[in-house]
1. Kirkwood hydrodynamic radius (Cα pairs, Å) of segment 118-201?
2. How large, in percent, is the carbon and sulfur part of the accessible surface of segment 56-157 at a probe radius of 1.4 Å?
3. Could you order peptides 39-48, 185-194, 24-33 by the average number of other Cβ atoms within 10 Å of their residues, highest first?
4. In the structure displayed, which of 133/322; 190/334; 190/281; 49/119; 281/322; 119/367 lie more than 27 Å apart, Cα to Cα?
5. Report the rotationally averaged projected area of segment 74-226 based on its alpha-carbon convex hull, in square nanometres.
6. Based on the mean of other Cβ atoms within 10 Å per residue, sort peptides 297-303, 121-127, 210-216 so the most packed one is first.
7. Whose amide H sits under 5 Å from the amide H of residue 122, counting only residues 5 or more places off or on another chain, with H placed in the peptide plane?
8. Place the peptides 273-279, 310-316 in order of packing, highest mean first, counting for every residue the other Cβ atoms within 10 Å and averaging per peptide.
Amino acid sequence: MDILVACACWVWKGCLHTAGHDSKTWDLAIAEEFEPVPRLCRYISYVYKDDSSTEPPGGYGVNPDWLVLRRTYKETEGRVPPYILYIDRDHDDIVLAIRGLNLAKPSDYAVLFDNRLGKGVFDEGYVHNGLLKAAGWVLDAECEVLRELVERYPNYSLTFAGHSLGSGVAAMLSMLVVQNRERLGNIERKRVRCYAIAPARCMSLNLAVRYADVINSVVLQDDFLPRTVTPLEAISKSGFGLRDLLSLSCMRDTCIPEEKMLKDPRRLYAPGRLYHIVERKPFTMRRFPPVVRTAVPVDGRFEHTVLSCNAISDHAIFWIEKEAQLAVNLMREKDTSMEVPAKQIMERQEPLTRHSQEYEAALQRAKTLDVPHAFTPPSQYGTFHEEGEESSRRSQAESSFSPTNRNAVDKTWDALIERLFDTNEHGRIVIKKQ
């Protein structure tokens, strides 16, 4: 009888849970804050082009004259998926865009599989170990050119963008830069930003919330990856298909109280501020004009798998770019076709002020839920008034963190590299065996 009740509960909670439930209480995004998403998707799509393609540079909105560099699998030695570094002069932006998983490349699986629950430690939290190493390789390889560009264009933002596996690398890279700003000429925190498209769950909840002023995650409707807690290596190594494992994951999630999930400091989440593109209604396959909702949630952070035939297709960069562009166009049309009260216009033109308030509220919410290492928010959006304030935040965490984990907050990049990598007999840098 108990089994029947449990199955009925799963059917009720699992089958009737739709993507719209995840973000139904969130605020609507505005065009000014969401505008970068479709063009960043196009830059990432450009990286997906075959490395051996004879097609001339350009396309996907990329001006070949503004392309600084392009790294292929051969040049990255398989340490990280291919990426480009691009100067977007139209939008005052320095962009490093990273492609997602290549199913035909064993090196990408090596990055994906290099993880174990609690293995990767960073800034008083937990991260995906392989993604952290990949991000460290990128920063070490491109540090000098990034510093030169940041100093040459002092009014430009520095944006890291990635899709799927690349989204995790981009998120890790943005945190590394924030923690090692002296490596890029003491770049201000507010100039650094990240857009994780179809993000992997790659960092613990305290980091996901604390870096919400830097990292933005974009999720299309039912996308499975931001909701998949099951390690992806377990999915690929198992004898089950992805859809079968998603169903099993959904069954498991309905049986675990969210309060218990929040108490596990090693549990990984989609990073930063979340943008959810919703363009289908329950029990229908028809697509409607997309709306974009945004928040910095603590509880209710894409914790339940959605049983949907679109869970995999919604992960595609092509669909995300298409729906994101349509959403931006609709936002702009709405603003120009109707008279908006002056007070509302002022509020809509200050998204950073609203984001700051949501950011601080999320950090306070994390503290009330006893999320490990949730701290008092910084006094200014995305920055600290003085270094002493940041130092006090570190010491507060260190007082309750083990000596082993305290080593993860070293101030120098050299110390981080020393922990992650070894030198072989030929003097080459190799990944350290854990």
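The values are calculated or read from the model by the stated rules, or taken from the named source; none is laboratory data. Quantities reported herein were computed from a predicted structural model and do not represent experimental measurements. Using ideal geometry, Cβ is built from the backbone for each residue, glycine included, and neighbour counts are taken over all protein chains shown. The accessibility values were calculated without ligands, DNA or RNA, using every heavy atom of the protein model including side chains. Shrake-Rupley method; radii C 1.70, N 1.55, O 1.52, S 1.80 Å.
1. Working: mean 1/r = 0.0769 Å⁻¹.
Its Kirkwood hydrodynamic radius stands at 13.0 Å.
2. Numbers: 2030 of 4190 Å².
Carbon and sulfur: 48 percent of the exposed surface of segment 56-157.
3. On the way: 39-48: 23.3, 185-194: 17.7, 24-33: 16.1.
Packing order, densest peptide first, comes out as 39-48, 185-194, 24-33.
4. Values: 133/322 32 Å; 190/334 29 Å; 190/281 36 Å; 49/119 33 Å; 281/322 18 Å; 119/367 24 Å.
Correct reply: 133/322; 190/334; 190/281; 49/119.
5. On the way: hull surface 36.5 nm².
Over all viewing directions, segment 74-226 projects a mean Cα-hull area of 9.1 nm².
6. On the way: 297-303: 20.0, 121-127: 23.9, 210-216: 25.7.
Result, highest mean first: 210-216, 121-127, 297-303.
7. Residues meeting the criterion, in which the H sits 1.01 Å from N, are 127.
8. Details: 273-279: 24.3, 310-316: 18.7.
By packing density, highest mean first, the sequence is 273-279, 310-316.
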